[in-house]
1. So which residues in the stretch 310-325 are open to solvent by 40 Å² or more (accessible area, probe 1.4 Å) and not in a loop (DSSP other than H, G, I, E, B), if there are any at all?
2. Among the listed residues 20, 29, which satisfies the condition of being touching a strand residue (DSSP E or B) at 6+ places or on another chain (Cβ under 6 Å), modelled with pLDDT of 95 or more and assigned to a loop (DSSP other than H, G, I, E, B)?
3. Could you identify the single residue in 68, 10, 74 that is outside any loop (DSSP other than H, G, I, E, B) and surrounded by 14 or more Cβ atoms within 10 Å (Cβ to Cβ)?
4. What's the total number of residues in the stretch 47-64 that are out of contact with any Gly (no Cβ under 6 Å at 6 or more places or on another chain) and within 25 Å of residue 7 (Cα to Cα)?
5. Can you report the number of residues in the stretch 257-274 which are within 11 Å of the ligand (Cβ to nearest atom) and either under 20 Å from residue 77 (Cβ atoms) or open to solvent by 10 Å² or more (accessible area, probe 1.4 Å) (or both)?
6. Here are the criteria: (1) on the phi < 0 side of the Ramachandran plot; (2) open to solvent by 10 Å² or more (accessible area, probe 1.4 Å); (3) touching a Phe, Trp or Tyr at 6+ places or on another chain (Cβ under 9 Å). Tell me which single one residue 51 does not satisfy.
7. Taking into account only those residues within the stretch 207-226 that are of a type outside the set (Gly, Ala, Ser) and buried (at least 21 other Cβ atoms within 10 Å of the Cβ), which is nearest to residue 367 (Cα to Cα)?
8. Would you pick out the residues in the stretch 353-370 that are in contact with a Pro (Cβ under 9 Å, 6 or more places away or on another chain) and open to solvent by 10 Å² or more (accessible area, probe 1.4 Å)?
Amino acid sequence: MPEVIFGLDSTKKFKDQDKVGHNRWHPAVPPVATVKPGATFRVHCREWFDGAIHNDDSADDVRDAPLSTVHALSGPFAVQGAEPGDLLMLDILDVGPIPQEDSGPLAGQGWGYTGIFAKQNGGGFLTDWFPDAYKAIWDFSGQVATSRHVPGVSFTGMVHPGLMGTAPSIELLRRWNQRETALRETDPNRVPPLSLPPLPQDAILGTLSGSAFDDAAAEAARTAPPRENGGNQDIKNLTKGSRIFYPVFVSGANLSLGDLHFSQGDGEITFCGAIEMGGFIDLHVDVIKGGMKTYGVGENAIFLPGNNNPQYCNWLAFSGVSVTLDGEQRYLDAQLSFQRACLHAIDYLEKFGWSREQAYMILGAAPIEGRFSGVVDIPNSCATVYLPTEIFDIDVRPNPQGPAKVTGGKAIPKSSF
Ligand code: ZN
């Protein structure tokens, strides 16, 4: 086993650990450890809500989820000799749930969760149609996930970190704040908000304290969006075997990561759409000196995806175009066409006995593929979602006899304001 350079004690909260991570981006957050280029090491990760979501049959915890506390990130890890302009070359050697044999209280100890976030608290891709909070608990058996709340479905997970990235420089951080503030000010009262401002409340910034903490917390960026440093990209294909190249913006690169997912569909559409869990990740790190310029990787990561994906080869695909449900024509709106494709799939699965919320959860958590199929044929863009037919216990393909019905399972827990 590689050396553990960031360990977590399951009995303690994230900020009470021996080494304290962080939940905001700021270049002043001090590294918790330094590694050399060529090093291999293990990092433990807490699930993104630090234990606030429980393995039970109520969605009240998702409704009340403390969004000011996310994401619990492990790091930063400094890489010796890395300087702005370099590329960090990161291999995911292994990644999995918390290595502990009995099922404890934390997500990752044999189970994980998917949430539909309430419109009042986070929202999601289809929040206008799903304004209330719901939750599904998933159980892990080896590589396979099943849920007592979503009957008739089982699939092989594509375990990956939802969030990895390097620290921003202070100039880059200020650019983020400037452009995200400008967007938010176009509609300051919108629910959910257009972007999230810096928020000192519940900020964790490693060992920073006193006025250094206050200064950094006042401008440290929230971790929800993906940005130039990578961040919360939620790319399901960053599985074991992936190699990722991150731009370096500060001396040491200061890599951080977290938000491990047992599985996720493209788009992570319910917002907490993946199967969230805590776990471990084994990494190998190297540096390409001057790599940002050499390869033209100026802003944002590139990667070689892992190659141990599940062998699903039969798909049922749904398409959507950029026309609203009310029949209004929009111009090449790819976001809308992807929404319509997802709603199309949900309408379809409902005919087989799944509730609309169960179908929404399946799209968020199972390894579905989402594609922009056409983006040039004015006025309609076309998006498609591909569902692997092998994940369903019943045959979900259309046939002359009509749809089979899925049975069993508990009602999916709901909570509303
Ligand atoms: Zn996540």
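1. Across the stretch 310-325, the qualifying residues are 315, 317, 319, 321.
2. Of 20, 29, the one residue that is touching a strand residue (DSSP E or B) at 6+ places or on another chain (Cβ under 6 Å), modelled with pLDDT of 95 or more and assigned to a loop (DSSP other than H, G, I, E, B) is 29.
3. Step by step, each of 68, 10, 74 is checked, and only 74 is outside any loop (DSSP other than H, G, I, E, B) and surrounded by 14 or more Cβ atoms within 10 Å (Cβ to Cβ).
4. Number satisfying all stated conditions: 8.
5. Matching residues across the stretch 257-274 total 5.
6. (1)
7. By that ranking, first place goes to 223.
8. Scanning the stretch 353-370 gives 353, 358, 369.
The values are calculated or read from the model by the stated rules, or taken from the named source; none is laboratory data. Worth saying up front: this structure is predicted, and the values here are computed from it rather than measured. Positions of Cβ are generated from backbone atoms using ideal geometry, with glycine treated the same way; all protein chains shown enter the neighbour counts. In case anyone asks, the SASA skips ligands and DNA or RNA and just uses the protein heavy atoms, side chains included. Shrake-Rupley method; radii C 1.70, N 1.55, O 1.52, S 1.80 Å.
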